[in-house]
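Since every read-out is calculated from the coordinates, none of them should be taken as a lab result. As the structure is a computational prediction, the values presented were derived from the model and not from experiment. Here the Cβ positions follow ideal geometry from the backbone for every residue, glycine too, while neighbour counts run over all protein chains shown.
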Amino acid sequence: MRSRTIREGSVGLLILLGLGLFGLMVIWIRGLNPGNRSYRFIVEFANVGGMRAGAPVRYRGVNVGKITSIMPGSNVVDVEIEITPANLLIPRDATVEANQAGLIGETAVDITPVSVLPAEIDTNPLAADCAGSPIICDGDRLEGLVGVNFNELISATVRLTNLVTDPEFFGEIRTLARNTSDAAAGVATLSREVTRLTRTADRELAALSSSASATTRSVGLAADRFGLTANEINSLLAANRITLVSTLDNLNVASEQLQVLLSQFSTTLDSGEFIENLEILSANAAQASTNLRVLSESVGTQDNLLLLQRTLDSARATFENAQKITADLDELTGDPEFRQNIRDLVDGLSSLVSSTQQLEQQTELAQMLASTEVAQNAQSAEPATNSAPTYTPQDQLTPLNPNRRVRLQPYTVTNSMEREPER
């Protein structure tokens, strides 16, 4: 009885021990490790490309976890990833791609960091304050990308094959080849033209360089000559500095004397009687000039004698006025230069009188010639009668007032009367 109890107890213990070992084996197969904790997060993919649960997850090319589940949705596919160990910190901005290795390989998830994490981080993915940190936390949702996919490679190969076998594409290739050939020929022609142009430019540049060198030498020689001239001028100024200073001093003294003389003459110009006499003299001279012009135009007429006599009277009156002015000037000033100007005026008027006398002689000669001509042409034509110019009392010169006392300034007298050619 006792042995039976022992046998039954042993069988029960063996059964319990087998169940325990079986459970531990199951747990081990499922990867449950109480000493090695992990964290999970979800990645959203548009296309998983044949991804399966249990596929490896690589971080920087190292297996750090696996895919625990795949949950397809209407718009995306949610893939749950488990990372082991829990102290592995992954940047939140890392790139998560679904890549397929080889033609028949399974699809794996590759995590590639973009930024570098700080050296010290006080939190971990399982901590309560992990939210808002720069690392991926337990339960986060990320967006994944589809990387290398065999199906997409086959699709791209098929599209490329269809494009290559397209006749239109081959036609475009032929056209492109012909255009390339034409372009190559054009480039060759252009290169030859550029070569000729380069040679021509080299010759022109050589000539221009020679001209520039000659110009530079000429400029250098001119600069040297200019420097020598400047040195000579400096030496000349240094040698004649005393003479130049004395000359400038003499000019200053002469300028001061001229200012004193002008100030003395300015007092003379203030006299109104002198200006009035000069106006009368100018009017008389203008009247005499008018009379002489009329006389020269009337040469050869019988009435010229009377006109010349009246002109002589006007000239005599002008001469008497000039003598009176000369007397007044002698009384007003004793300046030799001023007297010389007055003498020039008197000489000019004397020349005017002498010219008048010559005109009178020429008039007499013209009358004699006219008488001879009239005698010769008396039978053929009646002599024309020329009307003598009228002489009005207003044509007489205004005599000066001999009792006026004026002050004069030096005045340059020029003989403006020019003798007109004889007719």
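Overview of values
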quantity: In Hz, Karplus ³J(HN,Hα) per residue of the range 237-246 (6.51, -1.76, 1.60; θ = phi - 60°; x = Gly, Pro); calculated: 5, 5, 6, 9, 5, 5, 5, 5, 5, 5
quantity: For peptides 119-128, 82-91, sequence by mean Cβ density within 10 Å, most packed first; calculated: 82-91, 119-128
quantity: Note, ³J(HN,Hα) from phi for the range 136-149, Karplus 6.51, -1.76, 1.60, rounded to Hz, x at Gly and Pro; calculated: 7, 9, 5, x, 5, 10, 10, 9, x, 10, 8, x, 6, 9
quantity: Amide H within-cut-off set for Gly65, under 5 Å, with H built and near neighbours excluded; calculated: Val57, Thr84
quantity: Summed side-chain charge close to Val114 - residues other than Val114 whose Cβ falls under 14 Å, Lys, Arg +1, Asp, Glu -1; calculated: -2
quantity: Given charges at Cβ of Lys, Arg, Asp, Glu: the range 36-153 dipole, positive-most of Leu89, Thr68, Ile121; calculated: Thr68
